[in-house]
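Each remark here refers to the structure printed beneath this line.
The values are calculated or read from the model by the stated rules, or taken from the named source; none is laboratory data. As the structure is a computational prediction, the values presented were derived from the model and not from experiment. Counting neighbours? That spans all protein chains shown, and the Cβs are built from the backbone with ideal geometry, glycine included. Remember, those area values only see protein heavy atoms, side chains included, never the ligands or the DNA or RNA. Shrake-Rupley method; radii C 1.70, N 1.55, O 1.52, S 1.80 Å.
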Amino acid sequence: MDFATLIQILDSTLRLATPLLLACLAGLFSERAGIFDIGLEGKMLMAAMASGAVAALTGSVWLGLGAGIAASLLLAALHGVASITFRGNQLISGVALNFLASGITVLVAQRLFGQGGRTPPLDGAARFNHLTLPFADAVRDVPILGPIYADLLSGHTILTYVALLAVPATAWVLYRTRFGLRLRAVGENPAAVDTAGISVVGLRYAAVAITGILCGLAGAYMATALQAGFGREMTAGRGYIALAALIFAKWRPWGALWATLLFGFFQALALRPDVVEGVAGVKIPVSLLDALPYILTVLVLAGFVGKAIPPRAGGEPYVKER
Amino acid sequence: MMDKLPKWADLVLVPLVSLLLAAVISALVILAIGQDPMEALNVMVTGALGSPYGWGYTLYYATSFIFTGLAVTIAFHASLFNIGGEGQAQLGGLGVALVCLALPWPHWTLALLAAGLGAALFGAAWAAIPAYLQARRGSHIVITTIMFNYIASALIVFMLVDVLRPAGQMDPATARFPPGTNLPTLDQIPGFNLIFTKTVPANVTLLVALAACVLVWAILWRTRLGYEIRAFGRSEPAARYAGINPFRIIMITMLLSGALAGLMSINNVMGESERLVQNSTEGAGFIGIAVALMGRNHPFGVLLAALLFGFLYQGGAELGLWTSIPIELRIVVQGLVILFTGALDQMVRMLLGWLFRFGSPRAA
């Protein structure tokens with residue numbers, strides 16, 4: 001494998017890690033506040049459909065993005081009602097919303113466009129375009145660093161840079177603001193937060209709403225940046241992989257970045273069987289490469305996580321003392 | 001709080017009201033995509049229940065859902081959420097295919113026994129790894145079983161494309177199973193053939209499924225193991241204190257759960273398609289979650305819920321054929337049923353609590 005191929009693979013790593021990173025940070029807010037969310041997948045799917053559909057109808061990717069976030073927030077609100085207000089089982093609520101999204105997206109897309117549950121292909125202003133970072137062309141010829149800047153870091157859509165910036169932003173909110181402190185507290189010991197006179201329910205709804213917004217970005221990225229349009233089940237388990245990455249990251253923002261880059265790298269490898277075979281020296285069936293991200297996820301969960309301690313109050317509905 | 005319901009209401013009314021809510025929202029969804037919900041219901045009832053032919057399909061789907069519903073149920077009793085029924089059932093299909101293709105089976109009874117064993121073993125093996133990881137390493141079983149669903153479908157594709165596909169065949173599937181493995185369908189069984197005069201997909205596996213219901217009930221409520229499973233599910237520290245070994249309970253429960261999910265494939269792979277194709281389970285593993293929740297985690301409830309979902313599946317297929325409502329409506333209803341019975345059950349109870357207080361004479 002030569003340097004140019006490596007840059008190519010790392011470039012698609014960044015491209016594929018973007019939705020994982022956004023979804024992983026989404027899960028981080030929710031789970032740090034004590035609300036498990038396996039519904040990341042469904043929220044992404046819903047956002048992908050809404051953004052793909054609205055972008056196709058209006059020709060504006062920004063309206064699409066807004067619709068995606070709104071659709072994802074809707075599901076997030078449902079999850080909040082079920083798991084915060086009615087103190088239901090959070091895992092089951094997540095599973096239910098995933099199925100709901102899986103069916104509704106096809107029904108709506110079929111009703112709007114009649115193309116078998118897809119949205120029409122997007123182009124021009126209906127898609128996020130690739131941005132060229134300043135001086136990218138000027139420094140391309142610098143050895144090593146030139147290609148890294150010009151081909152790897154430059155040339156992504158704005159959402160990729162938003163996702164990368166969301167990492168320090170999340171870390172800042174979580175560890176440097178009053179809201180972040182309270183959010184972490186509500187995931188560890190909601191009774192203490194309640195005693196301090198702060199609303200547990202309010203904080204948890206806020207966290208779930210942030211989850212909705214970030215999943216909306218992730219889904220919109222799928223339909224309007226990574227692909228050109230929505231297709232049924234297009235998220236293909238990314239919401240679950242993001243969850244696995246969250247555990248791998250031990251619920252920390254910077255960890256989330258490295259974990260999702262790793263999983264993005266696995267996905268990038270699965271797209272390049274030629275390279276994998278060249279490195280491994282034997283013929284590898286395509287289906288094994290397809291399964292690779294999932295197998296590695298299990299391996300990571302099984303052994304290399306170290307001790308991953310989830311937020312203590314995670315999954316437990318809070319019952320106020322009377 | 002006054003919203004404690006009588007036991008019968010909790011057992012019967014909560015699932016029924018949940019179902020009603022799911023049906024109302026589904027009707028609104030149908031309206032929203034510009035179709036007529038009453039016509040849709042009509043098509044579903046006629047297609048699924050209006051003829052012995054329709055019933056033959058409804059019972060065929062119900063058979064699969066009984067197995068996957070029982071699989072989720074038994075795991076729920078140990079507080080384990082097995083979302084991996086889909087993958088376990090796919091592996092069960094592989095077990096069935098290997099057994100059926102291994103020998104020229106002389107009679108279907110022998111083949112059924114052997115294939116059932118193969119299906120259960122393969123399903124259980126696929127559940128064993130997530131179970132072990134949960135019991136020993138604390139990897140969350142929900143995530144690992146989901147990952148194993150994806151790995152299973154890749155594995156099946158590999159087996160069908162690169163290993164089991166006969167030379168010269170284009171589509172990724174095994175060869176047809178030999179005639180000695182063909183299970184009698186309901187129209188070939190004395191007694192049933194009075195009702196089912198034409199060929200239907202429902203087959204003798206239905207009887208196996210009913211036996212499985214009884215067996216699971218007996219295991220859970222009439223054996224020491226079942227007691228340990230339920231005790232562990234209620235409170236792990238208490239069970240541990242009582243000398244119950246968590247590792248053993250997690251492993252045994254998940255092996256049973258995987259075996260039940262795997263057994264589903266004698267219905268679809270051996271009884272219906274008579275060869276293994278890609279995605280043979282068609283989501284039945286996931287339906288098991290809805291069936292178990294709707295059936296209140298009791299084998300008899302699972303039986304009723306499986307019939308309901310059998311109706312929904314056959315009726316949904318008819319919708320896809322005769323109306324312009326996409327077949328994915330089934331997944332929407334499935335999601336709504338899971339939402340109301342599993343996550344918003346507290347809301348349904350509150351709703352019923354109001355009704356009860358409203359209906360009963362007010363205390364002075």
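Between A:Ser60 and A:Arg87, the distance separating the two model label sites (each 7 Å from Cα on the Cα→Cβ line) works out to 4.5 nm. Under a 10 Å cutoff between Cα atoms, tell me which one of B:Leu94, B:Leu225, B:Leu256 has the largest fluctuation in the Gaussian network model of chain B. Of B:Leu94, B:Leu225, B:Leu256, the most mobile in the Gaussian network model is B:Leu225. Shape analysis of the range A:87-152 places it in the oblate category; the axes a ≥ b ≥ c from the Cα gyration tensor give an a/c of at least 1.5, with a/b not above b/c. Quick one: grab the alpha carbon gyration tensor of chain A, order the square roots of its eigenvalues as a ≥ b ≥ c, and give me rounded if a/c is under 1.5, else prolate or oblate depending on whether a/b is larger than b/c. Because a/c hits 1.5 or more and a/b exceeds b/c, chain A counts as prolate.
Each of A:Trp258, A:Leu301, A:Val319 was placed along the dipole of the range A:216-322 (beta-carbon charges, centred on the mean Cα), and the one lying farthest toward the positive end is A:Val319. Hydrophobic, long helices, defined as DSSP H runs whose alpha-carbon span along the helix axis is 30 Å or greater and whose mean Kyte-Doolittle value is at least 1.0, occur in chain A at A:3-32, A:90-113, A:200-221.
Segment A:Leu165..A:Glu188, full-extension length gain: 5.6 nm, with 0.36 nm per residue of separation and the alpha-carbon distance subtracted. Inter-chain Cβ neighbour count for A:292-301, averaged per residue, equals 5 (cutoff 10 Å, partner chain atoms only). Among residues other than A:Val61 with Cβ under 14 Å from its Cβ, the summed charge is 0 (Lys and Arg +1, Asp and Glu -1). Taken about its Cα centre, the protein assembly as shown carries a charge dipole of about 2040 debye when Lys and Arg each add +1 at the Cβ and Asp and Glu each add -1 at the Cβ. Counted by Cβ distance under 14 Å from A:Leu269, the other residues give a net charge of -2, where Lys and Arg count +1 and Asp and Glu count -1. For the range A:77-157, relative contact order (Cα pairs under 8 Å, six or more residues apart, normalised by length) works out to 17 percent. Here the accessible area is traced with a 1.4 Å probe on the protein chains. For the protein assembly as shown, carbon and sulfur cover 66 percent of it. Annotation for the range A:11-26 versus the range B:73-152: alpha-carbon center distance of 32 Å. Accessible surface computed residue by residue for chain B, with neighbouring protein chains in place and a 1.4 Å probe, gives 43 Å² per residue. Exceedance of the 32 Å cut-off in Cα-Cα distance is limited, within the set A:Lys250/A:Lys320; A:Lys43/A:Lys320; A:Lys250/A:Lys283; A:Lys320/B:Lys7, to A:Lys250/A:Lys283.
Around the Cα centre of chain A, unit charges on the Cβ atoms of Lys, Arg, Asp and Glu (plus for the first two, minus for the last two) sum to a dipole of about 980 debye. Placing a pseudo-label 7 Å from each Cα along the Cα-to-Cβ vector at B:Phe358 and A:Ile309 gives an inter-label distance of 4.9 nm.
Here is the interface size for A with B: some 3400 Å² of accessible area buried, both sides summed, with a 1.4 Å probe.
Here B:Lys198 is the anchor, and the aspartates and glutamates within straight C-alpha reach of less than 13 Å, apart from those fewer than 8 places off in the same chain, are B:Asp187. Other residues with beta-carbon under 13 Å from the beta-carbon of B:Ala40 carry, at +1 per Lys or Arg and -1 per Asp or Glu, a net charge of -2. About its Cα centre, chain B has a charge dipole of approximately 1260 debye under the convention of +1 per Lys or Arg Cβ and -1 per Asp or Glu Cβ, with nothing else charged.
Remark: the A:Trp172-A:Ile144 segment gains 6.9 nm on full extension, using 0.36 nm per residue and subtracting the alpha carbon distance. Residues considered: A:Pro311, A:Pro190, A:Pro143. Largest GNM mean-square fluctuation over chain A, using C-alpha springs under 10 Å, is found at A:Pro143. Inter-chain neighbour count for B:125-133: the average number of beta-carbon atoms from partner chains within 10 Å of each residue's beta-carbon is 1.
Using the Cα gyration tensor of the range B:16-61, with a ≥ b ≥ c the square roots of its eigenvalues, what is the shape: rounded (a/c below 1.5), prolate (a/b larger than b/c) or oblate (neither)? Oblate, because a/c is 1.5 or more while a/b does not exceed b/c. Measuring from a point 7 Å past the Cα of A:Ala280 along Cα-to-C-beta, which residues in the range B:107-150 have an amide N at less than 19 Å? Taking a point 7 Å out along Cα→Cβ of A:Ala280, the residues of the range B:107-150 whose backbone N falls under 19 Å are B:148, B:150. Here the spin labels are modelled as points 7 Å beyond Cα on the Cα-Cβ line, and at B:Leu210 and B:Leu103 they lie 2.8 nm apart.
For the range A:223-322, which GluC sites (Glu not before Pro) are both in a DSSP coil and crowded by at most 14 other Cβ atoms within 10 Å? Sites meeting the loop and neighbour criteria: A:Glu233, A:Glu321. Dipole of chain B computed with +1 at Lys/Arg Cβ and -1 at Asp/Glu Cβ about the Cα centre; of B:Ala154, B:Gly56, B:Gly288, farthest Cα towards the positive end is B:Gly288.
Positive-end ranking of B:Leu344, B:Tyr241, B:Trp322 along the dipole of the range B:227-364, with charges on Cβ about the Cα centre, is headed by B:Tyr241. Peptides B:280-291, B:165-176 ranked from most to least packed by the mean count of surrounding Cβ atoms within 10 Å: B:280-291, B:165-176.
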